1. Could you run through the stretch 237-272 and say how many residues are of a type in the set (A, V, I, L, M, F, W, C), within 20 Å of residue 194 (Cβ to Cβ) and not in a helix (DSSP H, G or I)?
2. Any residue at all in the stretch 142-165 that's among the acidic types (Asp, Glu) and buried (at least 19 other Cβ atoms within 10 Å of the Cβ)?
3. Looking only at the stretch 364-396, which residues are closer than 14 Å to residue 423 by Cα, more than 58 Å from the chain's Cα centre (by Cα) and either among the β-branched types (Val, Ile, Thr) or in a loop (DSSP other than H, G, I, E, B) (or both)?
4. Which numbered condition in (1) exposed (fewer than 15 other Cβ atoms within 10 Å of the Cβ); (2) at pLDDT 85 or above; (3) within 30 Å of residue 212 (Cβ to Cβ) is the only one that residue 24 fails?
5. Name the residues in the stretch 34-63 that are closer than 16 Å to residue 90 by Cα, touching a residue at least 24 places away in the same chain (Cβ under 8 Å), within 41 Å of the chain's Cα centre (by Cα) and surrounded by fewer than 20 Cβ atoms within 10 Å (Cβ to Cβ), would you?
6. Given the criterion small (Gly, Ala, Ser) and in contact with a helix residue (DSSP H, G or I) (Cβ under 6 Å, 6 or more places away or on another chain), identify the matching residue among 10, 14, 66.
7. Cβ-Cβ below 6 Å, separation at least six or inter-chain, first residue in the stretch 651-671 and under 23 Å from residue 614 (Cα atoms) and among the polar types (S, T, N, Q), second at pLDDT 90 or above and loosely packed, with under 14 Cβ neighbours inside 10 Å: which pairs?
Amino acid sequence: MKIIVAKNAGFCFGVKRAVSSTLELARQKKKPYTLGELIHNKNVTSYLEKNGVCSAEDIDDVPLSGTVVIRSHGTTPECCEKLKTQNREYCDMTCPFVSRVHKKVFDARGKYGITLIAGDSGHPEVIATKGWAGENSMVLSGADDAQNIPKAESALLVAQTTITRSLLDEIYTAVKERIPQVELFDSICETTYARQSEARELAEKADAMIVIGDKNSSNTRKLYEISKKICKQTQYVEQASQLAIEMLQKCDIIGIVAGASTPDWIIWEVKTRMSELENVQVAEEVTEAAQPEVAAEEAAQAATETTEKPEEATATATDAPADDAAAAAEAATEPADESEDFLAELEKTFVRIRRGQFVKGVVVQVSDDEVCVNIGYKSDGILRKEDLTADGNVSPAEMFKTGDEVEAEVVALNDGEGNVRLSRRKIESQMKWKALLENLDEEQVFQVKVQKVIKGGVLTKLEGYDAFIPASQLSLKYVEDLSVFVGQTLDVKIIDTDKRQKRFVLSHKEVLKKQAEEREKEIFESFEKGAVIKGTVKRLTDFGAFVDVGGVDGLLHITDISWVRIKHPRDVLSENQEIEVKILNVDPEKKKISLGYKQLQPKPWDLAAEKYIVGEEVTGKVVRIAPFGAFVELEPSIDGLVHISQVANRRIEKVEDVLSLGQEITAKILEVNPEKKRISLSIRALLAPEPKQEREYAPRERSERFERAERSERSDRPRNDYNRRDRDQGERREYRREREERISYVLPPEEKATTSLADLFKDVKFDD
């Protein structure tokens, strides 16, 4: 058998600091009182008590001479303020990780739409964190709780330091679906995360897992849940004696993990106990040792059940003090005379009643003000007029007649005149309550009038019973000042029922949602693709605008706002602006509407022919340079092209030699073609022609120049540029004619075939 103990098992830093500092206070005789259990571990708590550390639930329970110890879970700002006001001596042992969370949520007040806390709402750490977060906060125990988050633009999400990361991820994903902007403050304790990771790794390779820690410890429960999910053979124990040894006999590898509140000596005891196991005999002894405790617990439970049965307990026995009972027992042993025996027997003929008990009887007399009822007691019961119903104005004769059977509650054993005072108001309320529950329809809508505002919501009455409407159920959107609802009559549905207290939890939001859904259905059915409707801009985002079109929101994407590219919808639209939009698409199932705004606006190129006239001058900025020319922005989405041949009044090799990006230029419009989205511009047309400089060339030099120019232009000339080729050929012919004119010669007469070249050119004269 191989036993592996997790590296991070046992006290964490915060717990060690809290325990050691508190014990130090006790050694200094400062009488430390912790506000609640210092840590969730009975063994440690017992040890602290033996060493002079006491526990108190409230500051007022701590003597003025004592020192208040704030435990590692932290406390609320109200508690801190009370300590300062009362000038109490205290020691703050709040875990540094928890303090970091408190500071974060406190600084976030007013910066976010709401502060959300992922964790157990009943955990002391979460209670303290919510106190620092303020009223505009909400606790999420799971991803499903995100559905109850009030509408908000932004939120801050923090976590209880001991929850699992998987749970935090689930809650974060659910919150993102409700609120577009969520800041996640990862407040899970690093040590806690390490413990959970180790538990996961050990559980994957171990045959059995032992999780050590107090059952009230949150972080220990998380370790157990992780281990149990992977390794089915997982035990959760608080000490070594609780080990189920028989489950571990055939295991080769056993993993041990422990919570942050588990002391090292308990871990050592468990490890030692397991290492000493050699046979089943030891396991049996452990099992037997635990049996008396179980038997005692069962006996205590049986005793509790016996004492809770009202029909088996008499009023005298319940109300009698211990000394009276002892006296009665002693008197029972003494001899009694006949009169006492007679009175005892007579007493047995009467029923025994107590205050608050429900009794049945027969009406023996009815008057204008009361009803007399025989309940089998030594005194009659009296039902006064005001005790008949909640109304109090009903005549007794209208409700009862002599001989009727009636059930009522015992209000007092003596009404001052020797009679038992009865009341039917509670019975009536119960009967009415029962009938209301039996006939209750989940879809039924009631009308209630809001009476007053309390913490977390408003109070009202439903069919005469107390009812509560949470703030989150009053409206479809968050309402900061709930006093606006006081005096209003609201349509509500019942969402929860407290049968013990006879109270309802109501929702006005559910009715509004139902009405909104019906209204949305009608609106969606009336929409047609391509239709033009009016709407109001409600909200602007980076990706578009939400437009209210008859009670529902449609999305106007940023690409459908303007024909011109824009950086943000606010460049064109503003909130509460009324606009006309075109329905591009309708999806009734997903309740989505796609809208278009630019589709109703003229395209810039449609107006180009009217706005830009050939021959006019325009001014623009160079936005792009290409080898063949420069593009000039005349207005957003409309560019004109200045061809390289139109940049200057001379031949240029590169556009960059004359123009640069961002340069503002003035040009003449040569052509406007809206269909091809093309405007041709010319800077050259606005420039004076450059004067030509003539130069005399010698015949040979002039010939070489033309030949070089011809070769250069032939290499650069497009193959299909026939006009330029004809022009070049014409220039060459002109040059040859000019050269021939400069040469004067006369051919000699032909004499014979043997004439030499020297003889042929001897009489030829050349011009200088």
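The values are calculated or read from the model by the stated rules, or taken from the named source; none is laboratory data. Being a predicted model, the structure only gives us computed values, none of them experimental. Cβ placement follows ideal geometry from the backbone for every residue including glycine, while neighbour counts extend to all protein chains displayed.
1. Going through the stretch 237-272 one residue at a time, the tally reaches 4.
2. First, the residues of the stretch 142-165 that are among the acidic types (Asp, Glu): 144-145, 153.
Narrowing the set further to residues that are buried (at least 19 other Cβ atoms within 10 Å of the Cβ) leaves none.
Scanning the stretch 142-165 turns up no residue that is among the acidic types (Asp, Glu) and buried (at least 19 other Cβ atoms within 10 Å of the Cβ).
3. 369, 371, 373, 375, 380, 382
4. So the condition that residue 24 fails would be (2).
5. Once the filter is applied, which keeps residues that are closer than 16 Å to residue 90 by Cα, touching a residue at least 24 places away in the same chain (Cβ under 8 Å), within 41 Å of the chain's Cα centre (by Cα) and surrounded by fewer than 20 Cβ atoms within 10 Å (Cβ to Cβ), the stretch 34-63 yields 36, 37, 59, 61.
6. On the way: 14 fails: in contact with a helix residue (DSSP H, G or I) (Cβ under 6 Å, 6 or more places away or on another chain); 66 fails: in contact with a helix residue (DSSP H, G or I) (Cβ under 6 Å, 6 or more places away or on another chain).
From the options 10, 14, 66, the qualifying one is 10.
7. 666/617; 666/619
One line per residue, one yes/no per condition, for (1) at pLDDT 90 or above; (2) more than 24 Å from residue 174 (Cα to Cα); (3) in the same structural domain as residue 169 (by TED's automatic domain parsing):
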position	(1), (2), (3)
61	no, yes, no
73	no, yes, no
90	no, yes, no
110	no, no, yes
136	yes, no, yes
